[in-house]
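Computed from the coordinates by the stated procedures, all read-outs in this text should not be read as laboratory data. Computed from a predicted structure; not experimentally measured. Backbone-built Cβ (ideal geometry, glycine too); neighbour counts: all protein chains shown.
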Amino acid sequence: MSIFDSLLPMDAVVVEARSPEWWESGLLPEELRYVARASDKRRREFTAGRNCARAALARLGWPSAAIVVGPDRQPIFPSTVCGSITHTSGYCAAAVIQKDEVHSIGIDAEFDMPMEDAVARMIMIPQELAKWYAHGYPSHAEVLVFSLKEAFYKAAFPFCRRHIGFKEVVVHPAGQHAHIELVSPRLADELTGLHIVARVGRDGQRIYCAVFLIDRLRNVKWDADIRTSGNCQDTFSPTAILDT
């Protein structure tokens, strides 16, 4: 069971690239052109991501088909499905869910290791980091905030269709998970009527973040409709790349 399984709604399907072959082969002809001139690293990540996404869609009953790249580098899922792909060194996962009460999802995984101060200052305001450490977050809070914002941007993109600045949102600790505050009036307008659910998990090696957008009036249900995983070790009470 993936940690992402514990962070997303019960109807979501998560698939991780556990087989080495998934990083090496499996792209469909329509997908090969997107990595024809890519580095070996990019080709491997793209291949693993497509294999994970295709396997996840198959578990929802969808036939095998190419997952092409949109004009803003986003993966194009079937119109009635929302999905997200993430990869970091040696790890890749995809999550999909049929659109109904959940309108979009975003997932992100990052290695739990220090981030350069200059990069952290680009991503967050000082108060964000201070709040997480004051809350007792046990590891690199700057990586957590970055990962949450990456996952949020993936979830928000279908509604915004634009670059979203890192400082258009502020991430606050909320119990064992997180609250994402929209500080940009433009962004708040673009997401009118939607409630943002932000979840966090760890496994001692990586930080895992999932964000999904639902109707604001239905947010109470989703507070309870989250799976639990024994693998979670939560102990605290530049631009997002869409095509991963």
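The table below lists the values:
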| read-out | value |
| --- | --- |
| All aspartates and glutamates inside 13 Å of LYS154 as judged from Cα atoms, apart from same-chain residues fewer than 8 positions distant | ASP72, ASP108, ASP243 |
| Charge dipole magnitude, Cβ of K and R +1, D and E -1 - the chain, Cα centre, debye nearest 20 | 420 |
| Positive-end residue of VAL171, GLN205, CYS160, charge dipole of the chain with Cβ unit charges | CYS160 |
| Gain on full stretching of the segment that runs from GLU21 to ALA118 - 0.36 nm per residue minus C-alpha separation | 31.2 nm |
| Distance violations [Cα-Cα > 24 Å] among LYS41/LYS99; LYS131/LYS167; LYS99/LYS167 | LYS41/LYS99; LYS99/LYS167 |
| Efficiency of FRET from Cβ geometry, ARG59 and SER89, R₀ 35 Å, rounded to 0.05 | 0.85 |
| Two-site label geometry, ALA38 and THR192: point separation in nm, points 7 Å out along Cα→Cβ | 3.8 |
| Cβ-based exposure ranking for CYS160, CYS82, in which fewest neighbours within 10 Å come first | CYS160, CYS82 |
| For segment 15-64 versus segment 144-202, the gap between their alpha-carbon centres in whole angstrom | 27 |
